[in-house]
1. How many residues are at positive phi and near the ligand (Cβ under 10 Å from one of its atoms) if we restrict to the stretch 12-48?
2. Within the stretch 58-84, count every residue that is away from the ligand (no atom under 13 Å from the Cβ) and out of contact with any Pro (no Cβ under 9 Å at 6 or more places or on another chain).
3. Is one or more of the residues making up the stretch 96-118 assigned to a helix (DSSP H, G or I), of a type in the set (S, T, N, Q) and either within 11 Å of the ligand (Cβ to nearest atom) or surrounded by fewer than 14 Cβ atoms within 10 Å (Cβ to Cβ) (or both)?
4. Residue under question is ASP88, and the condition is that it be under 17 Å from the mean Cα position of the chain (by Cα), within 11 Å of the ligand (Cβ to nearest atom) and either farther than 20 Å from ARG174 by Cβ or of a type outside the set (A, V, I, L, M, F, W, C) (or both); does it hold?
5. Among the numbered criteria (1) buried (at least 19 other Cβ atoms within 10 Å of the Cβ); (2) in contact with a strand residue (DSSP E or B) (Cβ under 6 Å, 6 or more places away or on another chain), which one does LYS152 miss?
Amino acid sequence: MSQGLRLVLFGPPGAGKGTQAQLLKDWLKVPHISSGDLFRHHLRQGTPLGLEAKGYMNKGELVPDSVTIDIVLDKVLSISDDEGFILDGFPRNPHQANELEKALVGNSRNVDKVVHIHVSQPELLRRLGGRLVCRGCQAPSSLGEGEDIGSKKCSQCGGELYQREDDNPEAVKRRIEIYREETEPVLGFYRERGVLVDIPGDNTVDEVNKQVISAIAP
Ligand code: AMP
């Protein structure tokens, strides 16, 4: 049996990682693991982990590695060796990248591809300002010109949409700063391993999707 792809979607907040993951997971037939969704799940359930993460998330800061690494790696290692996965939002600093590699290689094999979606800062700010997320299936969508959040439903499942608390201007600014300072250095880690592909992400969702697919096609 062939092995499923182990894919990391990499890029700044608003690059479209979640949107591309939604499209790719059905095509690749592999599970999607989003570290942000894991935290939001704990937050909704009111677990101690969710309460601890909340303060960091709402300010746009990274949740400490001592909390993050265990919950994400538990999820990644719960997937069978052959299955593959799409990982989005993790790793976000070099220490997380090292820990992910140790856990995967110790078990079987490292990630196969890291797709870096790069998007200009004005476009990131525009997208995050109008971004909505489904309360049901977590799929992202966006508010068009003149559209009202009350009348819009999730295009995937018809669920209610909401604006994330950390999509406010202050938190967005901080999240982009953190991406530049702490997350971008991870690109060098994966470039050295020969698994990194760069994709321009300012285009439409379909255009970006075509480029991602051609980058990961065998
Ligand atoms: P995201 O949905 O990927 O934008 O993540 C939302 C928030 O969850 C981030 O701003 C962080 O506060 C937290 N978070 C998600 N992934 C990580 C990670 N790998 N390391 C630390 N914090 C994270």
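1. 1
2. First, the residues of the stretch 58-84 that are away from the ligand (no atom under 13 Å from the Cβ): 74, 77-84.
Right, trim to out of contact with any Pro (no Cβ under 9 Å at 6 or more places or on another chain) and you get 74, 77-78, 80-82.
Final tally of qualifying residues: 6.
3. Narrowing the stretch 96-118 to residues assigned to a helix (DSSP H, G or I): 96-107.
Those left that are additionally of a type in the set (S, T, N, Q): 96, 98, 107.
Now narrow it down to the ones that are either within 11 Å of the ligand (Cβ to nearest atom) or surrounded by fewer than 14 Cβ atoms within 10 Å (Cβ to Cβ) (or both): 96, 107.
Looking through the stretch 96-118, at least one residue is assigned to a helix (DSSP H, G or I), of a type in the set (S, T, N, Q) and either within 11 Å of the ligand (Cβ to nearest atom) or surrounded by fewer than 14 Cβ atoms within 10 Å (Cβ to Cβ) (or both).
4. Details: under 17 Å from the mean Cα position of the chain (by Cα): yes; within 11 Å of the ligand (Cβ to nearest atom): yes; either farther than 20 Å from ARG174 by Cβ or of a type outside the set (A, V, I, L, M, F, W, C) (or both): yes.
In short, yes.
5. Only one criterion is unmet by LYS152, namely (1).
A short reminder: the numbers here are calculations on the coordinates, not readings from a lab. Keep in mind the model is a prediction, meaning the values are calculated, not measured. In this analysis, Cβ positions are derived from the backbone assuming ideal geometry, glycine residues included, and neighbour counts consider all displayed protein chains.
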